[in-house]
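Participant: First the structure, then my questions, so here it is.
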Amino acid sequence: MSGRVSCRCHRCRRCDHGLSMLELIVALAIVAVLTAYAIPSLVGQVARGHRADAVIALHRAARFIEAYGGNERGIAALPSGLDQAPADGAAVYLLRVLPADRNNGGYAIEAVPVESGPMRDDRCGIYALDASGKRTNRMGQGVARAGDCWLAR
């Protein structure tokens, strides 16, 4: 016992102190499969959150305009905090007030994705809400989009 190494691990029998190559490959394959499913789902959830922020910001801006008598006073721009979505932090959507015409009931508000933002290529495009409560989506060139963009699913 004095200075001798026990033969249990060093000479007589092989010691396992880690993962074998096969175990490592299996573990990496499991991580890769989970990642392949998780990342698109995460991206979709983040996009839905940004869309919900845009819808909330449009309704908040509409309440602001209605509280000041509609757009009869000629509100050309929204105040800070109501002019973007989300209200705090980096803008993902910019809100703008459109002038009255015969179709929008007195005003319309648009939430336009920031060109360098995460929603610039989103399928929902530009959100619009007018004074009559009509909700629409369109791409930058005016092509109408699906109405399911307003749903929080």
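Bear in mind that the values in this text are calculations on the coordinates, not laboratory data. Just so you know, these numbers come straight off a predicted model, no measurement behind them. In this analysis, Cβ positions are derived from the backbone assuming ideal geometry, glycine residues included, and neighbour counts consider all displayed protein chains.
Participant: Could you list the trypsin sites (Lys or Arg not before Pro) in region 31-116 that lie in coil according to DSSP, counting only those with at most 10 other Cβ atoms within 10 Å of their Cβ?
Facilitator: Arg73, Arg102
Participant: What does the extension gain come out to for Val114 and Ile39, with contour length at 0.36 nm per residue minus their alpha carbon separation?
Facilitator: 24.7 nm
Participant: With all distinct Cα pairs included, what does the Kirkwood hydrodynamic radius of region 21-150 come out to in Å, to one decimal, could you say?
Facilitator: One over the average 1/r among Cα pairs gives 16.3 Å for region 21-150.
Participant: Right, next: Note down the relative contact order for region 21-150 as a percent, whole number, built from C-alpha pairs under 8 angstrom at least six residues apart. Before the final figure, lay out the partial values.
Facilitator: Details: 188 pairs, mean separation 23.0, N = 130.
Once normalised by length, the contact order is 18 percent.
Participant: Please work out how much length the chain gains when fully extended from Arg138 to Ile56, using 0.36 nm per residue of separation minus the C-alpha to C-alpha distance, in nm with one decimal.
Facilitator: Gain on extension, Arg138 to Ile56, equals 27.7 nm.
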